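Q: Mind having a look at this structure? Questions to follow.
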Amino acid sequence: MAGNFARSLSQSRRSHQSISSSPLKASLIAVFTALSLATNYAMIDIPNVKLMDALVFIAAFLFGLEVGLGSAISIWAVYGFINPWGQDDFTLLLFLMIGECFYAIAGALLSRASAARELLSNTRPYGRMSLIFGLIGFQATFAYDVLTNFGSWIFKTSTLYQAFIIGMITGVPFAILHEASNIAFFAFVVPLAIGASKRMGLAVQDKAK
Amino acid sequence: MTRLGSHRVFYLILGLLAVAIVSVQVGAYYYFQRSYDGTSSKSSVLCSSLTTSNSPGTDVVSVNTLVNYGNGTTKWYNETNIPSGWNFYQLTLYLVGCNVQAQSYGPPLNEHLVTGINGVIKQGTYSWTLWEFCQKHSAWVFSPVGVDLIHVENGQTLAWVYEVSSSVSSSQPPVAGARTVSSCS
């Protein structure tokens, strides 16, 4: 199924259909949202360990910032409300959506970086790709954790500084779990997915204009 | 120049950022452990300062406190004059001559979980519960906040009760047969 989808995309690119076409982008957002939600619910019992972040990153890396941002926001629009652990309030949901966008921004920026392009053009790029993607994933996850922990304390503390410090300290066990799992996903899953998409003819986006 | 060399700055920035983040997280975890380890304290510097200094010139409030040991023994501390800025934890230390056992939670919580008063220690389902007397309803109310967050006011009546505290509804009031309400508002 996934292979067929990739091939159809590949063919569509060969037939000069731009990836910037709105229906195609909407379809990509829907696919990545569905994939992320499915994996989120499958991994619901493992707190803070989710493939979602890596999928948003891949979406932005392969198909551009708009697809990444669209996926990030639509995932949380569903997952924030329909969640066995409880529904998020609007403030926290806003922080979660913004935080998730960090992965999309990181993916889109890295796809434009010459270092990543050179790695992709190598025949056996996985070693160094793992290192770069792992580190980028770690940093994006840290930024996400800082923002969302801050967001969960912002109306429970008297100053913004207090919210930041208390969020950092009280959220650190979850943050460590989140960061460690994302290092693994970004270092091993993301390079494989990007490598596979490259072999199937899904070129890294650079002209989504 | 090799490919690695040409992107040396990029790799260096990524590496340095990662090291900085790890340092921040290690620091945060250190504070997290310090905050949540619940260091056991029996008497402290705070205790000696409470029992020795009653500096003149400070505003004083008068409070009544009941300690119900759960075995039929109750003790009233009536009209205790204490500085107005004290919380119930400080008052408890003062009343029982610092014979209080508590788990201490440091910054950012700065809280205490009282586990023993005058040698009566938390055991099994039995623990110390906090009550306030609600003048408005002439009834006892189970404290919704911890001991450090109760800032004593003039004329206030507070109580400690040693009882089974699996839930608020199953807790017994400090005085047998007394009325209870769920909220003082």
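Q: If you place +1 on the Cβ of every Lys and Arg and -1 on the Cβ of every Asp and Glu, how big does the dipole about the Cα centre of segment A:2-208 come out, in debye to the nearest 20? Walk me through the numbers on the way to the answer.
A: On the way: 13 positive and 10 negative charges, 195 e Å.
With only Lys, Arg, Asp and Glu charged at Cβ, the dipole is about 940 debye.
Q: While we're looking at this one, here's another question. Which chymotrypsin sites (Phe, Trp or Tyr not before Pro) does segment A:63-113 hold that lie in a coil by DSSP with at most 14 other beta carbons within 10 Å?
A: Details: sites: A:Phe63, A:Trp76, A:Tyr79, A:Phe81, A:Trp85, A:Phe90, A:Phe95, A:Phe102, A:Tyr103; in loops: A:Phe81, A:Trp85.
Those satisfying the criteria are A:Phe81, A:Trp85.
Q: May I ask for the net charge around B:Ser62, where only other residues with Cβ less than 13 Å from the Cβ of B:Ser62 are counted and Lys, Arg are +1 while Asp, Glu are -1?
A: In short, -3.
Q: Can you give me the C-alpha center-to-center distance between segment B:95-129 and segment A:135-208, rounded to a whole angstrom?
A: 39
Q: Here's another thing I want to ask about it. Under 5 Å between amide H atoms, partner at least 5 residues away or on a different chain: which partners does B:Ser143 have, H built in plane at 1.01 Å?
A: Amide H neighbours of B:Ser143, under 5 Å, 5+ apart: B:Leu130, B:Trp131, B:Glu132.
Q: Also, I was wondering about something else. Quick one: Karplus J couplings for segment B:110-124, per residue in order, coefficients 6.51, -1.76, 1.60, θ = phi - 60°, nearest Hz, x for Gly and Pro?
A: 3J(HN,Hα) across segment B:110-124, in whole Hz: 6, 10, 10, 10, 6, 10, x, 9, 6, x, 8, 9, 3, 9, x.
Q: Probe of 1.4 angstrom, ligands and nucleic acids ignored: what's the accessible area per residue over segment A:2-208, in square angstrom? Please report the intermediate quantities before stating the final value.
A: Details: 9330 Å² over 207 residues.
Roughly 45 Å² per residue, with all protein chains present.
Q: Sticking with this structure for a sec: Could you tell me the extents of segment A:2-208's C-alpha atoms along the three principal axes, largest first, rounded to whole Å?
A: Sorted from largest, the Cα extents of segment A:2-208 read 57, 34, 29 Å.
Q: In terms of modelled amide H atoms, which long-range or inter-chain residues lie less than 5 Å from the amide H of A:Gly171?
A: So A:Gly171 has HN proximity to no qualifying residue.
Q: Shifting gears a bit: Would you mind giving the total buried accessible surface between chains B and A, with a 1.4 Å probe and ligands, DNA and RNA left out, rounded to the nearest 100 Å²? All intermediate terms of the calculation are to be shown ahead of the outcome.
A: On the way: alone 11190 and 10670 Å², together 19910 Å².
Counting both chains, the buried surface is close to 2000 Å².
Q: Counting Lys and Arg as +1 and Asp and Glu as -1, what is the net charge of the other residues whose Cβ lies under 14 Å from the Cβ of B:Arg179? List each step's numbers first, then the result.
A: On the way: positive: B:Lys136; negative: B:Glu132.
Net charge in that neighbourhood comes out at 0.
Q: Using 1/(1 + (r/R0)^6) with R0 = 41 angstrom and r between the beta carbons of A:Leu131 and A:Ala34, what's the FRET efficiency to the nearest 0.05?
A: Details: r = 30 Å, r/R0 = 0.74.
Here the calculated transfer efficiency is 0.85.
Q: Let me ask another. Using modelled amide H (1.01 Å from N, peptide plane; none on Pro or chain starts), what sits under 5 Å from the amide H of B:Thr180, excluding residues fewer than 5 places away?
A: Placed amide hydrogens put B:Trp140 under 5 Å from B:Thr180.
Q: So what's the net charge close to A:Tyr144: Lys and Arg +1, Asp and Glu -1, counting the other residues with Cβ under 10 Å from its Cβ? Before the final figure, lay out the partial values.
A: On the way: positive: none; negative: A:Asp53, A:Glu100, A:Asp145, A:Glu179.
Spelling it out: positives minus negatives among the neighbours equals -4.
Q: Can you give the FRET efficiency to the nearest 0.05 for B:Asn78 and A:Asn83, using r as the Cβ-Cβ distance and R₀ = 51 Å? Provide the component values of the computation, followed by the final result.
A: Values: r = 52 Å, r/R0 = 1.02.
Result of the calculation: an efficiency of 0.45.
Q: Scanning chain A for helices, which whole DSSP H stretches are 24 Å or more long along the axis (Cα) and average -0.5 or more by Kyte-Doolittle? If you can, show how the numbers build up before the last one.
A: Numbers: long enough: A:22-42 (30 Å, 1.03); A:90-112 (33 Å, 1.67); A:126-153 (39 Å, 0.65).
Those that clear 24 Å and a mean of -0.5 are A:22-42, A:90-112, A:126-153.
Q: Can you pull the one-decimal nm distance between simple spin-label points at A:Tyr161 and B:Asn154, each 7 Å off the Cα toward Cβ?
A: In this crude label model, A:Tyr161 to B:Asn154 measures out at 3.5 nm.
Q: How much length, in nm to one decimal, is gained on full extension between B:Gln103 and B:His137, taken as 0.36 nm per residue of separation minus their Cα-Cα distance?
A: Details: separation 34, 0.36 × 34 = 12.24 nm, distance 3.28 nm.
Answer, rounded to one decimal: 9.0 nm.
The values are calculated or read from the model by the stated rules, or taken from the named source; none is laboratory data. Please read all numbers here as calculations on a predicted model, not as lab measurements. No Cβ is skipped: glycine too gets one built from the backbone with ideal geometry, and neighbour counts run over all protein chains shown. Calculation scope for accessible area: heavy atoms of the full protein, side chains included, ligands and nucleic acids excluded. Shrake-Rupley method; radii C 1.70, N 1.55, O 1.52, S 1.80 Å.
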